[in-house]
Structures are given as structure tokens and as C-alpha cells.
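Before I ask anything, let me first share the structure, which is written out below as C-alpha cells.
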Amino acid sequence: MRICSRKKSDSDLGKEAKARKHEICRETGLCREGDMQRMGKGRENDNKWWKSAVIYQIYPRSFADSNQDGIGDLQGIISKLDYLEELGIDAIWLSPVCKSPQDDNGYDISDYQDIDPMFGTLRDMEELIGKAGEHHIRIILDLVLNHSSDEHFWFQEAKKSRENPYHDYYVWRDGTEGAPPNGMRAAFGGSAWEWVPEVGQYYFHQFSVKQPDLNWENPKLRQEIYDMINWWIQKGVGGFRLDVIDQIAKEPDRQITNNGPQLHTYLRELSWETFQKADLVTVGEAWGATPELAKLYSNPDNSELSMVFQFEHICLDQIPGKEKWDLAPLPFRKLKEVFARWQTQLYNEGWNSLFWNNHDLPRIVSRWGNDGEYRTESAKMLAILLHGMQGTPYIYQGEELGMTNVRFAIEDYRDIETLNIYKERLEKGYKEEEIMRSIHAKGRDNARTPMQWDDGEHAGFTRGEPWIRVNPNYREINAAKQTGDAQSVFACYQRLIRLRKEYPVFTDGEFRLLLEEDEALFAYTRTSADTQLLVVCNFFGQTVRCPLAEQTEGMELLLCSYAAQGQEAVLRPYEARMYLKN
Ligand code: TEU
Ligand code: CA
């Protein structure tokens with residue numbers, strides 16, 4: 001059989017024997033309980049490397065193009081390792097590079113154990129892991145385990161007949177054409193059910209129709225996944241990001257998508273069979289996480305994951321019952337409340353991830369900052385605010401330069417979600433300007449325009465025709481202009497990364513929110529033993545009085561978002577200051 005017989009080393013075979021033994025244990029339910037008890041004892045995560053690490057996310061197709069076909073690739077990343085080492089990051093999270101028809105830019109995988117030719121070969125991946133290691137950088141892969149591509153061998157088989165051994169790898173329901181099992185909708189628009197006449201059934205897909213959901217209830221499917229992950233661990237990767245992990249335990253009959261009842265049982269088994277065998281970082285994408293749930297996911301006993309990406313600070317402006325495209329003002333006081341709650345609740349009981357951006361989100365400087373007059377100051381302010389908190393910070397490519405959103409015409413967008421929503425909303429009668437306003441504010445392509453390396457053609461990303469247009473502001477905003485400049489956004493990120501290595505208070509200090517009621521300032525302290533960090537940020541475009549002037553007396557000013565020194569008693573527009581008492 002294709003999947004089982006190839007690409008396996010001798011040591012994999014030993015693991016398989018062990019895995020088969022586990023399979024029997026799982027069926028009897030005996031040994032797993034013992035495993036769980038053993039795992040529940042320690043605080044294995046207390047001194048992990050990833051607690052003081054900073055992780056950089058690369059969206060490979062938009063990072064650097066080595067062969068001038070207009071699409072970024074693995075050799076392109078290898079050519080930029082010096083830049084990343086200069087920035088100081090510890091690990092790279094790579095968005096998916098496995099074989100894929102690219103319906104959703106690689107989040108639709110057709111072979112988990114091969115690289116898409118668009119990005120290079122398996123040899124290139126091995127070279128990247130090795131060379132990154134020489135730069136003290138680990139490689140974190142993106143595991144898409146909720147669904148595969150419909151072009152995956154498993155699905156090709158699964159849709160042949162109900163008796164096919166792979167049929168049960170996916171989620172099927174009987175029905176008649178035109179009458180889906182229920183009214184569930186897919187995240188990218190349309191029904192979540194797709195009819196396959198050959199088998200007389202519908203398959204379930206939470207994302208595009210080319211992303212059929214995998215059936216985690218099937219132990220055979222789970223075992224295939226563990227074998228695949230262990231194969232990557234043996235290649236020397238530093239960890240994994242787990243795509244929409246809170247959706248794997250879906251129960252469509254009860255209309256449950258995320259946080260299904262079996263979720264944490266699956267995660268503990270997954271972790272036990274794979275991640276716990278090595279010293280890895282694992283981060284699950286969990287849109288539906290609350291601090292309570294995050295404590296389960298990131299329990300210090302290491303039974304599940306290192307941490308999750310939660311989105312409460314991102315979804316603040318989401319109107320209940322509406323879509324993300326329905327724009328509403330950003331609530332500043334709520335932002336403080338949400339960060340403070342996560343910082344406080346996970347202290348000693350879990351671990352936070354810290355991020356403003358990823359490949360699905362608009363650029364933070366265009367959202368909470370000011371991407372015009374105060375672009376540099378506000379980009380630095382947002383960096384200082386986030387990197388002073390407890391957790392593992394993530395930087396999304398270009399964030400370290402203060403890259404901004406774009407305002408393209410619809411023809412220039414490439415993202416499946418954007419194109420679908422444009423069509424859907426036009427049909428529903430929305431005005432074109434209104435739809436475009438939403439896309440400009442929230443569209444995922446804001447994050448996906450090519451990395452701005454220099455002021456040459458296509459920003460130095462490619463000499464070919466880029467797969468998506470470059471942001472026209474690249475002559476002003478680019479890496480070449482910032483790397484040698486001590487006042488740049490880049491230099492600020494570089495400094496923040498170094499500070500985290502230098503002072504343990506960044507990793508372990510206890511968080512306390514100050515000036516809770518203030519309408520313009522976000523301020524907090526981090527305290528451990530005899531060290532205290534104090535961060536104060538003006539989130540708006542007006543100069544305000546700083547009520548903390550007394551408290552900062554005698555403290556060392558570590559970092560400020562302005563080049564020129566200001567007055568102690570006031571904060572200029574988007575001014576952030578970070579102080580230390582040692
Ligand atoms: O995203 C999950 C997800 O639900 C949203 O981020 C989604 O992309 C959209 O913004 C909802 O409005 C993950 C990946 O990060 C994303 O790129 C993939 O498209 C998606 O899963 C499917 O794999
Ligand atoms: Ca290329």
C-alpha cells in the first residue's frame with residue numbers, strides 16, 4: 001500500500017511495533033490510563049527552551065524567491081538565514097510546504113511526507129533544517145491535521161466506495177442529492193457538506209470543498225498521523241504548529257465544530273505517541289480557547305502541547321452573530337482587560353503565546369497602530385507592549401519592518417476566502433465599496449504580499465512576476481533600509497529579543513496591569529525576586545500626561561519608541577517606554 005510501505009527508515013519499523021502494542025492497549029483502554037497517570041505527575045515544561053525563545057513565522061510563498069518563478073521557496077529561505085540570525089530569533093515556523101494543489105495556499109495537503117515542487121524538494125528541506133541549525137535556528141512545521149486535500153491518496157481512495165479501506169478516514173453521512181444532513185456552513189462560504197454520487201453520501205468539510213475533514217474517531221487514521229509526525233521528528237525538526245487543532249474532534253451530527261468532547265483525549269494520545277519523544281515546541285491554533293481550556297492544552301505536565309494561539313485579543317471587535325467582515329470600532333479598554341486576564345490566569349498554570357500577526361490577519365500597525373505619520377513609532381510601541389509580556393512571542397514576516405496593509409482592487413487579490421466573500425456579499429446585495437472596505441481592513445492577503453527586502457524591482461523578492469502584487473510602499477519600507485539603522489522598527493525588535501535573553505524577568509516575572517481605567521495608556525509591570533520591568537504605552541495620536549513618572553524614578557529606561565528623548569511627565573503620540581529596576 002502506498003502510504004504504509006514507503007519512506008520509512010529501520011528505526012521507524014521498531015516504532016511501528018511499539019505503536020501496534022499501544023494500539024492493543026488503546027483498545028483495552030488499560031495502558032493509556034497508566035500513561036496518563038505517569039504523565040500527570042511532573043512539571044516537565046518548567047525549564048523548556050521555548051519559554052525564552054522568540055519564533056518567527058515565514059509564509060514561504062511570499063518570503064524570498066530563489067529561482068525567479070515569482071513564488072518564494074525553501075532555497076529563498078536558506079538565502080535569508082543571515083538576516084534572521086541578525087534579528088536574533090530562535091526558531092522559524094514555516095507555513096505548509098508539503099505537496100498540495102494550493103487551493104488554500106498549502107493548507108490543503110496531498111502528501112504529508114513530501115515537499116511541493118513549487119517550494120523545492122525534500123533535500124532542500126533537509127538542507128534548510130541543517131543550515132538553520134548552524135544559525136542556531138530550529139524549524140517548526142505546520143501540521144494540518146483537521147483535513148487533507150481532496151487530492152490526497154487517502155481521499156482518492158475514500159471516495160471510491162463505502163467498502164474502501166480508506167473510506168472511514170473521512171467524515172461521511174448518507175443522504176440524497178440536494179438535501180444535505182444539516183445546514184452547517186463552511187468557513188470559506190457555502191455548505192459544509194459535499195455530495196459524492198459514486199458513494200451516495202456527503203462528506204464534511206469545515207473549510208473549502210477541496211479540504212475534506214479527517215475522521216479522528218478512526219484509530220487507523222490517527223496511527224497514520226503519528227507515524228508521519230514521528231518521521232518528521234526524525235528529520236530533526238524543532239516542533240510543530242497545529243492548524244485548527246480545536247476542530248479535530250468535530251461532531252457534525254450535533255453541529256459541534258470546535259472543542260468537541262473528545263478533543264483533549266485525542267490531544268493527549270497524539271502528544272504521547274509523538275511530541276513527548278523529543279524536546280519540541282508545539283503550538284496549537286485554537287480559535288475557541290478560553291484561559292480555562294488553555295490551561296488544559298498547555299498544562300506544565302507536558303501531556304498535551306507547549307501552548308496555544310488564542311484569538312480573544314484579535315476578535316475584540318467581532319459583533320456576536322456577525323462575520324469578521326462586519327466592521328466595528330476597536331475597544332481599547334477591552335484589549336487591556338483581555339491581555340491582563342490571559343497573563344494572570346495562565347501564570348504558573350500554563351503558557352501563553354504572544355502574537356499580533358499571522359498569515360490570516362491584517363497587519364497590526366494598520367490595525368492598532370498608525371500606518372501613516374507615526375508608522376515607525378506605533379509599530380515599535382506595539383512590539384514593546386507585546387514583548388514585555390509573559391509567553392513565547394511570535395513575529396510574522398515583515399512585522400519587524402512595520403509592514404502595512406494593502407488596498408488592492410479585487411483583481412489583485414488571490415486568497416480563496418477573500419474571493420469567496422466578495423462574490424457571496426455581492427450576491428447578497430452589499431455595495432461594492434462596502435465589501436472592499438472590509439477586505440482592505442481584514443483580508444488575509446494584507447499579510448501575504450511579498451516580503452519587502454529592498455527598494456529594487458518587486459522589493460527584491462523576485463526578479464520574475466510575483467504571484468501577488470508587492471505593497472507599493474516598498475521603496476519606503478524595506479529591510480535594506482532598516483538593518484543598519486539603530487532607530488528602525490527592525491532594531492527595536494532586535495533589542496527586544498536580546499533583552500528577553502538577558503533578563504529572566506521577561507520569562508518568569510508576574511504580570512500586573514496598571515492604570516486599568518485609563519482611556520489612552522496601556523501600562524503594566526512584571527515582577528520577579530528583586531527585578532521589576534515597567535512598560536507604559538500611549539495607544540493613540542495625542543500627547544498625554546504620564547501618571548507613572550514617580551514610579552519610574554530611579555529605573556533604567558531600556559527602550560523607547562521615539563529616537564529623540566522626550567519629557568518624563570508626558571507621552572507623545574504612540575510613545576512606549578520600557579523601564580527596568582534591577
Ligand atoms: O485558519 C483557521 C481559521 O479558521 C481562520 O484563520 C480562517 O483562515 C479565516 O481567517 C476565518 O475567517 C487556519 C489557517 O491558519 C488558515 O490559513 C487556513 O486557511 C485554515 O486554517 C484551513 O486550514
Ligand atoms: Ca520560486
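The values are calculated or read from the model by the stated rules, or taken from the named source; none is laboratory data. On a predicted model such as this, the values are computed, not experimentally measured, just so you know. Cβ atoms come from the backbone with ideal geometry, glycine included; neighbour counts cover every protein chain shown. The protein model used for the area step is the full one, side chains on, heavy atoms only, and it has no ligands, DNA or RNA in it. Shrake-Rupley method; radii C 1.70, N 1.55, O 1.52, S 1.80 Å.
Does Arg222 satisfy the condition of being among the basic types (Lys, Arg) and assigned to a helix (DSSP H, G or I)?
On the way: among the basic types (Lys, Arg): yes; assigned to a helix (DSSP H, G or I): yes.
Judged against the criteria, Arg222 is a match.
If you don't mind, there's one more thing I want to ask. Of (1) away from ligand 1 (no atom under 16 Å from the Cβ); (2) in a strand (DSSP E or B), Tyr83 satisfies all except one. Which?
All conditions pass for Tyr83, except number (2).
Can you tell me which residues in the range 411-436 are over 20 Å from Ile71 (Cα atoms) and surrounded by fewer than 15 Cβ atoms within 10 Å (Cβ to Cβ)?
Answer for the range 411-436, where residues must be over 20 Å from Ile71 (Cα atoms) and surrounded by fewer than 15 Cβ atoms within 10 Å (Cβ to Cβ): Lys423, Leu426, Glu427, Lys428, Gly429, Lys431, Glu432, Glu433, Glu434.
Could you tell me which of the residues Asp90, Asp82 is more than 14 Å from Asp142 (Cβ to Cβ), in contact with a Ser or Thr (Cβ under 9 Å, 6 or more places away or on another chain), open to solvent by 10 Å² or more (accessible area, probe 1.4 Å) and more than 16 Å from ligand 2 (Cβ to nearest atom)?
Matching residue, one of Asp90, Asp82: Asp90.
Output the qualifying pairs, or none if there are none: Cβ atoms under 7 angstrom, residues six or more apart or on different chains, first residue in the range 66-88 and without any contact (Cβ under 8 Å) to a residue 40 or more places away in the chain, second residue near ligand 2 (Cβ under 9 Å from one of its atoms) and open to solvent by 30 Å² or more (accessible area, probe 1.4 Å).
Ser66/Gln75; Gly76/Ser66; Ser79/Ser66
I've got another one for you. Just to verify a result, which residue in the range 42-72, among those that are of a type in the set (D, E, K, R) and in a loop (DSSP other than H, G, I, E, B), is most open to solvent (accessible area, probe 1.4 Å)?
Arg43
Note down all Cβ pairs under 6 Å where the first residue falls in the range 97-117 and is in a strand (DSSP E or B) and charged (D, E, K, R), the second is within 16 Å of ligand 2 (Cβ to nearest atom) and open to solvent by less than 20 Å² (accessible area, probe 1.4 Å), and they're at least six residues apart or on different chains.
Qualifying pairs under 6 Å: Lys99/Asp116.
Can you find a residue that is open to solvent by 30 Å² or more (accessible area, probe 1.4 Å), within 16 Å of ligand 2 (Cβ to nearest atom) and touching a helix residue (DSSP H, G or I) at 6+ places or on another chain (Cβ under 9 Å) anywhere in the range 400-408?
Among the residues of the range 400-408, not one is open to solvent by 30 Å² or more (accessible area, probe 1.4 Å), within 16 Å of ligand 2 (Cβ to nearest atom) and touching a helix residue (DSSP H, G or I) at 6+ places or on another chain (Cβ under 9 Å), which makes the answer no.
Also, quick follow-up: If you check Trp368 against the conditions, is it within 22 Å of Ala294 (Cβ to Cβ) and not assigned by TED's automatic domain parsing to the domain that holds Ile439?
The answer is no for Trp368.
Condition check: modelled with pLDDT of 95 or more, of a type in the set (D, E, K, R), touching a helix residue (DSSP H, G or I) at 6+ places or on another chain (Cβ under 9 Å) and not in a loop (DSSP other than H, G, I, E, B). Does Asp445 satisfy that?
Answer is yes for this residue.
Looking at the range 59-118 only, could you name the residues that are of a type in the set (S, T, N, Q) and either within 20 Å of the chain's Cα centre (by Cα) or not assigned by TED's automatic domain parsing to the domain that holds Gly239 (or both)?
Scanning the range 59-118 gives Ser62, Ser95, Ser100, Gln102, Asn105.
So which residues in the range 294-324 are among the aliphatic types (A, V, I, L, M) and in contact (Cβ under 8 Å) with a residue 24 or more places away in the chain?
Looking only at the range 294-324, we keep the residues that are among the aliphatic types (A, V, I, L, M), and these are 294, 296, 305, 307-308, 314, 316, 319.
Residues satisfying the conditions are Ala294, Leu296, Leu305, Met307, Val308, Ile314.
Return the pair list, or none, for Cβ contacts closer than 9 Å from residues in the range 350-365 that are assigned by TED's automatic domain parsing to the domain that holds Asp301 and within 16 Å of ligand 2 (Cβ to nearest atom) to residues that are assigned to a strand (DSSP E or B) and modelled with pLDDT under 95, at least 6 apart or on different chains.
Correct list of pairs: empty, since none qualify.
Now a separate question. Examine the range 540-556 for a residue that is touching a residue at least 12 places away in the same chain (Cβ under 8 Å), acidic (Asp, Glu) and out of contact with any strand residue (DSSP E or B) (no Cβ under 8 Å at 6 or more places or on another chain), and state whether such a residue exists.
Within the range 540-556 (the criterion being touching a residue at least 12 places away in the same chain (Cβ under 8 Å), acidic (Asp, Glu) and out of contact with any strand residue (DSSP E or B) (no Cβ under 8 Å at 6 or more places or on another chain)), the answer is no, since none of the residues qualifies.
Turning to a different aspect of this structure: Tally up the residues in the range 256-272 that are open to solvent by 10 Å² or more (accessible area, probe 1.4 Å) and either more than 23 Å from His205 (Cβ to Cβ) or away from ligand 1 (no atom under 16 Å from the Cβ) (or both), please.
Count: 7.
So which of Glu198, Glu269 is at pLDDT 95 or above and of a type in the set (D, E, K, R)?
The unique qualifying residue is Glu269.
Additional query: If Met389 passes every condition in (1) closer than 24 Å to Lys501 by Cβ; (2) out of contact with any Pro (no Cβ under 8 Å at 6 or more places or on another chain); (3) buried (at least 21 other Cβ atoms within 10 Å of the Cβ) but one, which one does it miss?
Among (1) closer than 24 Å to Lys501 by Cβ; (2) out of contact with any Pro (no Cβ under 8 Å at 6 or more places or on another chain); (3) buried (at least 21 other Cβ atoms within 10 Å of the Cβ), Met389 violates only (3).
So, one more: Which condition breaks for Gln211 when tested against (1) open to solvent by 30 Å² or more (accessible area, probe 1.4 Å); (2) within 17 Å of Pro96 (Cα to Cα); (3) not assigned by TED's automatic domain parsing to the domain that holds Val97?
In the conditions (1) open to solvent by 30 Å² or more (accessible area, probe 1.4 Å); (2) within 17 Å of Pro96 (Cα to Cα); (3) not assigned by TED's automatic domain parsing to the domain that holds Val97, Gln211 misses (1) alone.
State all residues of the range 86-101 that are more than 16 Å from ligand 1 (Cβ to nearest atom) and small (Gly, Ala, Ser); if no residue qualifies, say none.
The answer is Gly88, Ala91.
Next up: Return the pair list, or none, for Cβ contacts closer than 6 Å from residues in the range 451-473 that are within 21 Å of Gly402 (Cβ to Cβ) to residues that are within 16 Å of ligand 2 (Cβ to nearest atom) and of a type in the set (Lys, Arg), at least 6 apart or on different chains.
As it stands, the answer is Ile468/Arg414, since those pairs meet every condition given.
Conditions (1) out of contact with any Asp or Glu (no Cβ under 8 Å at 6 or more places or on another chain); (2) at pLDDT below 95, marked per residue:
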| site | (1), (2) |
| --- | --- |
| Arg32 | no, yes |
| Asp35 | yes, yes |
| Arg38 | yes, yes |
| Lys41 | no, yes |
| Ile58 | yes, no |
| Ser66 | no, no |
| Gly72 | no, no |
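Here is a yes/no grid of residues against (1) within 16 Å of ligand 1 (Cβ to nearest atom); (2) surrounded by fewer than 19 Cβ atoms within 10 Å (Cβ to Cβ); (3) within 19 Å of the chain's Cα centre (by Cα):
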position	(1), (2), (3)
Lys322	yes, yes, no
Phe332	no, yes, no
Thr344	no, yes, no
Tyr347	no, yes, no
Gly350	no, no, yes
Ser353	yes, no, yes
Asn357	yes, no, yes
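Suppose the filter is modelled with pLDDT of 95 or more, open to solvent by less than 10 Å² (accessible area, probe 1.4 Å) and touching a Leu at 6+ places or on another chain (Cβ under 9 Å); does Lys336 pass it?
When the stated conditions are applied, Lys336 passes them.
Considering only the range 273-290, state which residues are surrounded by 18 or more Cβ atoms within 10 Å (Cβ to Cβ) and either in contact with a Leu (Cβ under 8 Å, 6 or more places away or on another chain) or among the small types (Gly, Ala, Ser) (or both).
Phe275, Thr282, Val283, Gly284, Glu285, Ala286, Ala289
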